[in-house]
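Inspection log for the structure reproduced underneath, given as structure tokens.
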Amino acid sequence: MSEHPEVCRILQAIIEDTRAGVPVSLSRRERYGTVLGEFRVQFEGEDDLLHLAITRVDGGRVAHEEAQQVADLFFRSVPKGLIQCRPAEYSVHYYIGHDLFVHYLEGNSHAGEPHTGTQ
């Protein structure tokens, strides 16, 4: 799933919009979110932080380990210590600075494409 086109699409949207100063907002939820298997992922900008929420499509409980596997698809180029995680019963939330996230994505990218962990 690390090469999933939706992961690349969302990462590219975050890079483009952060560069352009466009807020990552829920009013454009389709641009920053998708369904990956059993999970719904949604990015949103909050002040100077980028927030990723992971929930189950069926509304069930989310195990932290399951959510971490999904989050790793997006955060694989970022050192783990820079991401704050807040697990809850029905969702898991991740926070990182917008600019910091884009810096790591661009630092590991080729020709403007987000780094997906494949060469």
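Throughout, read-outs are computed from the coordinates displayed, never taken from laboratory work. Owing to the predicted nature of the structure, the values given are computational and were not obtained by experimental measurement. Positions of Cβ are backbone-derived with ideal geometry, glycine not excepted, and every protein chain shown enters the neighbour counts.
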Mean separation of Cα contacts under 8 Å (6+ apart) over length of segment 5-107, as relative contact order %: 25
Matching label for the computed Kirkwood radius over Cα pairs in Å, out of (1) 14.2; (2) 15.8; (3) 15.2, is (1)
Suppose R0 equals 22 Å. What FRET efficiency, 1/(1 + (r/R0)^6) with r the Cβ-Cβ distance, do TYR95 and GLN12 give to the nearest 0.05? 0.60
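For LEU82 and GLU66 in one chain, what is 0.36 nm times their gap in residues minus the Cα-Cα distance, to one decimal in nm?
Taking LEU82 through GLU66 to full extension adds about 3.8 nm, to one decimal.
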Roughly what angle does helix 98-107 make with the longest principal axis of the chain, taking Cα atoms, 0 to 90 degrees, to the nearest 10? 60
The answer for GluC sites (Glu not before Pro) in segment 10-84 that fall in a DSSP coil and have at most 16 neighbouring Cβ atoms within 10 Å is GLU38
Using only the alpha-carbon atoms, how far is helix 5-20 inclined from the longest principal axis of the chain? Give it as 0 to 90 degrees, nearest 10. 50
Can you give the calculated 222 nm mean residue ellipticity of the chain, where each DSSP H run of n ≥ 4 adds -39,500 (n - 2.57) and the sum is split over every residue, rounded to the nearest 500 deg cm²/dmol? -10500 deg cm²/dmol
